[in-house]
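Report on the structure given below.
The values are calculated or read from the model by the stated rules, or taken from the named source; none is laboratory data. These numbers were taken from a predicted model, which means no experiment stands behind them. No Cβ is skipped: glycine too gets one built from the backbone with ideal geometry, and neighbour counts run over all protein chains shown. These area figures cover heavy atoms from the full protein model, side chains too; ligands, DNA and RNA do not enter into them. Shrake-Rupley method; radii C 1.70, N 1.55, O 1.52, S 1.80 Å.
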Amino acid sequence: MKLAPSIYTADFGRLAAQVQEAEAAGVDVMHLDVMDGHFVPTLTFGPAVCAAVKAATRLPCEAHLMIETPERHLEAYQAAGMGRLIVHAETCPRLFATLQGIRGRGLQTGLALNPLTPLAVLEEAIPYLDLVLIMTVEPGLGGQRLIPGTLARVARARAMLDAAGSPAELEVDGGVNVETIRAVRDAGATLAVVGSAVYSDKFPVADGVRALRAATR
Ligand code: DX5
Ligand code: ZN
């Protein structure tokens, strides 16, 4: 199970150091939760913070664009060094054009689905996806509890990707921690976003990562 720390709950007063702590602990990709305060209630950060994170690490970085009209911002997140752009099905009425726009820039595509968004959109989109992101919480906040019914969605998405022979990553975001990560892996996910399980004022990053690795041995 690969780990994608979300800096959303990191200490922004020492963000570069927090990113380097995660890299040193052996994580796989940095996950940047871009939120616009419209599609989701919270406003977090944009391309400038993404660029600062990219400058602090050799790890690949993915931007989780919880924003309206993501197609207007592809160039900005490409310039910020994001290797993968994850857009929400709920904010992309012209999904084919948006995914083509991402791939046209030489970036990887990701499609995120909120907890009650039908998985049917995956049927047609799979050929254009390098990653599927199943939200296991309603996006907009860190530290939420994984919504139990969403694990069945992960398993269904796994079956859809396998049936299509797709090599796309299957990522889960929200409430993944030492209690839930084994069930997330067993449902067929290949990549887990971890926010408060890694970035917390209760323990160092390395301890959070170590605990997650131990929970999936
Ligand atoms: C959407 C965000 C959060 C965050 C994960 O709200 O994507 O899910 O990354 O935070 P935790 O791991 O604390 O739920
Ligand atoms: Zn996210």
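Scanning the stretch 195-211 for residues that are under 15 Å from D11 (Cβ atoms), of a type in the set (A, V, I, L, M) and open to solvent by less than 10 Å² (accessible area, probe 1.4 Å) yields V198, V205.
Filtering the stretch 50-60 for residues that are closer than 22 Å to H73 by Cα and within 13 Å of ligand 1 (Cβ to nearest atom) leaves an empty set.
Filtering the stretch 4-16 to residues that are within 14 Å of ligand 2 (Cβ to nearest atom) and either in a helix (DSSP H, G or I) or within 16 Å of A112 (Cβ to Cβ) (or both) leaves A4, S6, I7, Y8, T9. Scan the stretch 118-137 for residues that are open to solvent by 30 Å² or more (accessible area, probe 1.4 Å) and in contact (Cβ under 8 Å) with a residue 24 or more places away in the chain and the total you get is 5. Within the stretch 71-87, the only residue that satisfies the criterion of being within 16 Å of ligand 1 (Cβ to nearest atom) and in a loop (DSSP other than H, G, I, E, B) is M82. Within the stretch 35-48, can one find any residue that is within 22 Å of L212 (Cβ to Cβ), modelled with pLDDT of 95 or more and open to solvent by 10 Å² or more (accessible area, probe 1.4 Å)? No, the stretch 35-48 contains no residue that is within 22 Å of L212 (Cβ to Cβ), modelled with pLDDT of 95 or more and open to solvent by 10 Å² or more (accessible area, probe 1.4 Å). One residue stands out among those in the stretch 121-141 that are modelled with pLDDT of 95 or more, farther than 22 Å from R103 by Cβ and not β-branched (V, I, T): the one that is nearest to ligand 1 (Cβ to nearest atom), which is P139. Looking across the stretch 35-53, the residues that are in a loop (DSSP other than H, G, I, E, B) and out of contact with any strand residue (DSSP E or B) (no Cβ under 6 Å at 6 or more places or on another chain) come down to H38, P41, F45, G46.
Among the listed residues T117, T98, identify the single one that is touching a Cys at 6+ places or on another chain (Cβ under 6 Å), farther than 23 Å from A55 by Cα and of a type outside the set (D, E).
Result: T98 is the single residue among T117, T98 that is touching a Cys at 6+ places or on another chain (Cβ under 6 Å), farther than 23 Å from A55 by Cα and of a type outside the set (D, E).
Scanning the stretch 11-27 for residues that are of a type outside the set (F, W, Y) and more than 21 Å from V184 (Cβ to Cβ) gives D11, G13, R14, L15, A16, A17, Q18, V19, Q20, E21, E23, A24. Checking the stated criteria, V19 turns out to be modelled with pLDDT of 95 or more and either within 12 Å of ligand 2 (Cβ to nearest atom) or assigned to a helix (DSSP H, G or I) (or both). No other residue among E90, E68, E62 is part of a loop (DSSP other than H, G, I, E, B), under 19 Å from T42 (Cβ atoms) and either at pLDDT 95 or above or within 18 Å of the chain's Cα centre (by Cα) (or both) apart from E68. Residues in the stretch 138-162 that are buried (at least 20 other Cβ atoms within 10 Å of the Cβ) and of a type in the set (S, T, N, Q): T150 only.
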